[in-house]
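Here's the structure, in structure tokens; my notes come after.
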Amino acid sequence: MNINTYDSIKTDIKAELGSVMVDIPEELEQLNMGIVPSEAGSYNQYFSVLVFVYADVRAMGTWIVPPAIMKMLDDPEYSLEHCKRLIEWILVPGAEFMDYCGLHKMCLFTKRIVACEFASKEELEDLMKVYFAYVNKLFMWIHHLFPWGLGTAFPIRTEDDVKRMSSFIANP
């Protein structure tokens with residue numbers, strides 16, 4: 001059975017989307033416990049992996065990639081093959097990096113979309129909407145799980161703080 005058909009990919013992504021609507025994805029649970037099988041991260045820490053996952057999944061699911069891809073799919077000057085090729089160029093590098101960071105399902109779905117034979121741009125557009133809904137939901141979990149409390153180590157400085165600090169520079 002070919003798992004890279006439009007119907008099978010859409011069914012699988014929708015099933016995973018339904019699951020992550022309710023439960024934290026296991027891959028994100030592992031990552032947030034510091035389980036990174038690829039050993040991604042510098043100096044024996046995984047905080048940098050959390051930062052990259054946060055930024056890259058946000059770009060891939062919400063604010064950079066979806067608008068560009070959806071506009072391209074809606075543009076009659078782009079053929080189905082143009083759209084597929086550009087989607088591969090845009091999504092695969094980020095998905096492969098997310099795979100390295102532990103988000104294996106996202107990468108697998110991305111590669112299945114790229115390998116799929118679509119009957120029309122409308123099918124591809126429909127599948128991309130489901131894919132982006134899934135990636136966007138992953139981002140919501142990532143945002144929720146991110147260790148925001150670490151930000152207390154970087155307080156915003158007041159004018160009085162700056163004056164006090166500058167007095168140390170002026171009078172060492």
Considering region 40-86, residues that are part of a helix (DSSP H, G or I) and among the small types (Gly, Ala, Ser), and then whichever is modelled with the lowest pLDDT, we arrive at 61
Name, by its number, the condition in (1) in contact (Cβ under 8 Å) with a residue 12 or more places away in the chain; (2) assigned to a helix (DSSP H, G or I); (3) more than 23 Å from residue 48 (Cα to Cα) that does not hold for residue 119.
-> (2)
Tally, over region 1-52, of residues that are under 15 Å from residue 146 (Cβ atoms) and of a type in the set (Val, Ile, Thr) = 3
Whichever residue in region 16-39 is surrounded by 17 or more Cβ atoms within 10 Å (Cβ to Cβ) and not in a helix (DSSP H, G or I) and, among such residues, is modelled with the lowest pLDDT | 36
Qualifying position, being part of a helix (DSSP H, G or I), loosely packed, with under 11 Cβ neighbours inside 10 Å and charged (D, E, K, R), among 111, 105, 163 | 163
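Say we look at region 136-149 and pick out the residues that are in a helix (DSSP H, G or I) and in contact (Cβ under 8 Å) with a residue 40 or more places away in the chain; which of these is surrounded by the fewest Cβ atoms within 10 Å (Cβ to Cβ)?
Quick first cut of region 136-149, residues in a helix (DSSP H, G or I) only: 136-145, 148-149.
Next, only the ones that are in contact (Cβ under 8 Å) with a residue 40 or more places away in the chain stay: 136-139, 141-143, 145.
Working: 136: 17, 137: 18, 138: 25, 139: 20, 141: 19, 142: 22, 143: 13, 145: 17.
Going through the qualifying residues, I end up with 143.
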What single numbered condition from (1) over 30 Å from residue 107 (Cβ atoms); (2) among the aliphatic types (A, V, I, L, M); (3) in contact with a helix residue (DSSP H, G or I) (Cβ under 6 Å, 6 or more places away or on another chain) fails to hold for residue 153?
-> (3)
Quick one: would you say residue 9 is touching a helix residue (DSSP H, G or I) at 6+ places or on another chain (Cβ under 9 Å), at pLDDT 95 or above and surrounded by fewer than 19 Cβ atoms within 10 Å (Cβ to Cβ)?
-> no
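Conditions tested, residue by residue: (1) under 17 Å from residue 141 (Cβ atoms); (2) surrounded by 17 or more Cβ atoms within 10 Å (Cβ to Cβ); (3) more than 16 Å from the chain's Cα centre (by Cα); (4) among the polar types (S, T, N, Q).
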{"residue": "48", "(1), (2), (3), (4)": "no, no, no, yes"}
{"residue": "71", "(1), (2), (3), (4)": "no, no, yes, no"}
{"residue": "79", "(1), (2), (3), (4)": "no, no, yes, yes"}
{"residue": "82", "(1), (2), (3), (4)": "no, no, yes, no"}
Six or more apart or on different chains, Cβ under 8 Å: which pairs go from a residue in region 49-75 that's farther than 19 Å from residue 109 by Cα to one that's part of a helix (DSSP H, G or I) and aromatic (Phe, Trp, Tyr)? Could you list them?
-> 52/97
Checked 123, 159 against criteria (farther than 15 Å from residue 56 by Cα, out of contact with any helix residue (DSSP H, G or I) (no Cβ under 6 Å at 6 or more places or on another chain) and among the acidic types (Asp, Glu)); the one match is 159
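The values are calculated or read from the model by the stated rules, or taken from the named source; none is laboratory data. Keep in mind it's a predicted model, so treat the numbers as computed, not measured. No Cβ is skipped: glycine too gets one built from the backbone with ideal geometry, and neighbour counts run over all protein chains shown.
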